[in-house]
Every structure is written in structure tokens, then in C-alpha cells.
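Below is one structure. I have some questions about it.
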Amino acid sequence: MKKIEVVAAAILSECGQRVFIAKRNANAHQGGLWEFPGGKKEAGESAVVALCRELEEEIAIKVVVSQSLIKLSHDYGDKLVELDVYKVTEFTGEPRGAEGQETCWVPLSELKNLEFPAANQEIIQALLQ
């Protein structure tokens, strides 16, 4: 089974009551579902370096303050995804879909009403605690 190491970010608004999410492209694995921005770690890359690189590429922000939120693994049957998730509370730039993806800020309380990949359910639970 293919193992994929991924970093993701729960990017919180200044008041900490909203989180920035993106919709996966329709042709991607788990396409059409909402996700927390991030992406695959490159060989030899630390999680924090990968997080900063991915967020700059994907949503055009530079991370200033982040902290580990949760680490988890999820077996999708065809691949094992290892997620290293960070809470980003300070950044520069205005997050946007730099790769053309749909994005939005949503209240934390609304996360349970949106469709996310199965692996993201643990992330949502960690954010709501």
C-alpha cells in the first residue's frame, strides 16, 4: 500500500471563531470535498517547512505562528495517508485559492455540516475541543 505523508493547516481567523477551508479539485483523490489546506511533504523536508511551502503555493500566505494540533493516519484502502496538522494563528497575506480552488472562511460550529474526506473528521473534533 502506498504511504503518503501530508501536512495540513487549520488556519484560524483573528477571533479564532472561523477557519479557512478549500474545496478539493474534482479530479483529485476525494475530489469535490472540503479540506484543510496543505499538501505532500517532499523527501527530507520537515513538517513545518512543508507546511510553510504548501500554504504559500496553495493559498498565498506566509505562516508566522503555528503549533501542532494533531497527528493521525487514515487508511483509504488504496493509500495510507499520514497527516501532520498544525493550527495556524498568525500569518501574512490574505488567504485565497492561488491554484484556482474554491475557498472560504467558515465558523468552527459549521464544520460538521460540510463534506470532508474521512481523515479530516479527527481534525474537526480536535478543533472543536
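Computed from the coordinates by the stated procedures, all read-outs in this text should not be read as laboratory data. Keep in mind that what you see is a predicted model, and the values were worked out from it rather than measured. Note that each Cβ is placed from the backbone with ideal geometry, even for glycine, and that neighbours are counted across all protein chains shown.
So what's the net charge close to Val81: Lys and Arg +1, Asp and Glu -1, counting the other residues with Cβ under 12 Å from its Cβ?
-1
Report the residue, chosen from Ala43, Ala118, Ala22, that carries the largest GNM mean-square fluctuation when the chain is represented by alpha-carbon nodes joined by springs under 10 Å.
Of the options given, Ala43 has the highest mean-square fluctuation.
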